[in-house]
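So the structure is just underneath, and the comments pick up after that.
The values are calculated or read from the model by the stated rules, or taken from the named source; none is laboratory data. Note that the structure is predicted; figures quoted are calculated from it, not measured. Virtual Cβ from ideal backbone geometry, glycine too; neighbours counted across all protein chains shown.
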Amino acid sequence: MASALTEKLSRLVKELRGQARITESNVQDMLREVRMALLEADVALPVVRDFIARVKDKALGQEVVGSLTPGQALVGIIHRELAATMGAGVADLNLAVQPPAVILMAGLQGAGKTTTTAKLAKWLIERRKKKVLTVSTDVYRPAAIEQLKTVTRQAGAEWFASTPQQSPLDIARAALDHARRHYFDVLLVDTAGRLAIDEAMMREIQALHAELKPAETLFVVDAMQGQDAVNTARAFKEALPLTGIVLTKLDGDSRGGAALSVRAITGAPIKFAGVSEKIDGLELFDAERHAGRVLGMGDIVALVEQVTAGVDLQQAQKLAAKVKSGGFDLEDFLEQIRQMKKMGGLSSLLDKLPTQLAAKAGEADLSRAEKDIRRKEGIICAMTPEERRHPEIIKASRKRRIAAGAGVQVQEVNRLLKEFEQMQAMMKKMKGGGLMKMMKRLGG
Ligand code: GDP
């Protein structure tokens, strides 16, 4: 099972961290465990053998460098080899064809095809500046067609209408024709999925593939599926020339094995990872980072990047200067709240932390905290610029007006003002230097 792999590896990592020396025997012990864990995750035996051989080779030949302890060096080797097994670097989409480039989405029902189709549409529009059309060939579930329409709108892409009365092939032809005539760069084709692998479904998607000649045939698979993901992957690989994999629901508990096994079985690179239900919850898959996740070390790299990308350093310096001069006002308070939101909210940051830490923080507390941030923003937005700069002028009647404007109780306005005062006092104590130190620490 995927989660078993993660658990075992993190336990090994912990044990190895204390080891003083890499010896033939502790390498053997450790590799036996890794081998079992991989087999349990249903990774094909030749892949496991190959993996173990590579790690062993490197571990025994390893010079122990610098400040690294041997245990850490070994973990480093496993980390790199895990990453290599899942694919080197980041695999992008191949869109270098005569437009429209067709992307065919394959996978079981519930894997996340429709959601991913819309996420990908948004990604292509925003990151690749493409003109994107989506279409659903799921004539068995009218609700699926409607769902694609809704999420396509959210993505800001265009949707090509289809009905359950048409055949999937007719829909595909008509959509392709429309895409050509209206100069779309990309046509995303969402297909029907069944709850289990089914011959009729496979024949249908093969026919679609033959008709559309897609630039990309993406296999969408739920990372939470564990063992089943492997069987599904095998069936789709046999039916279609897959060019890439999208691993969805990586925000769930089971983060490890599916990536390894699906990649190993299909031979196709994992191109994207679904990391939330939201329309922007799609990332280019980064094997290096994911290997870290499998090892249970948490996605520290991502966390650091997110923090440094989200926090505008100039803004931070300005803030520090203001604090120093005692001019920290509600305007700045609002700015801080917005920075927080820019970083993708608390729970998205939490996802990147090692699981043990994340579990401690607790999901429920977080969503409450996020709601709280939004309410605070609402309250400050209901103030006039004058009030934000001089919160001391906010007396009873102003409070009532602000509360009404933000749709909250007066008590909440009071609470915010009090919190602001406390923060102001605290920041005065830090005298800017502390704040910069805090930011630096976050930024690595
Ligand atoms: P389809 O039947 O393959 O088209 O699957 P859907 O796109 O309808 O997705 C099935 C469910 O999985 C929906 O509730 C989605 O919101 C959810 N889902 C899809 N991708 C992700 C993801 O990356 N993370 C999470 N948490 N949920 C996802």
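Here are the numbers for this structure:
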quantity	calculated
Per-region count, the stretch 235-257, residues at pLDDT 90 or above and assigned to a helix (DSSP H, G or I)	5
Residues being assigned to a strand (DSSP E or B) and of a type in the set (Phe, Trp, Tyr) - total across the stretch 258-285	1
Identity of the residue in the stretch 163-198, at pLDDT 95 or above and among the small types (Gly, Ala, Ser), that ends up nearest to PRO100 (Cα to Cα)	ALA179
Qualifying position, being within 14 Å of the ligand (Cβ to nearest atom), more than 24 Å from the chain's Cα centre (by Cα), in a helix (DSSP H, G or I) and surrounded by fewer than 19 Cβ atoms within 10 Å (Cβ to Cβ), among ALA174, ALA143	ALA143
Yes/no for LEU169 being under 18 Å from LEU240 (Cβ atoms) and either surrounded by 16 or more Cβ atoms within 10 Å (Cβ to Cβ) or assigned by TED's automatic domain parsing to the domain that holds LEU242 (or both)	yes
Qualifying positions in the stretch 193-225 - hydrophobic (A, V, I, L, M, F, W, C), touching a residue at least 40 places away in the same chain (Cβ under 8 Å) and closer than 14 Å to LEU169 by Cβ	ILE205, LEU208, LEU212
Filter pass, LYS318 being loosely packed, with under 14 Cβ neighbours inside 10 Å and modelled with pLDDT of 70 or more	no
Top-ranked residue of the stretch 94-136 - restricted to ones that are of a type outside the set (Gly, Ala, Ser), in a loop (DSSP other than H, G, I, E, B) and in contact with an Asp or Glu (Cβ under 7 Å, 6 or more places away or on another chain), ranked as farthest from the ligand (Cβ to nearest atom)	PRO99
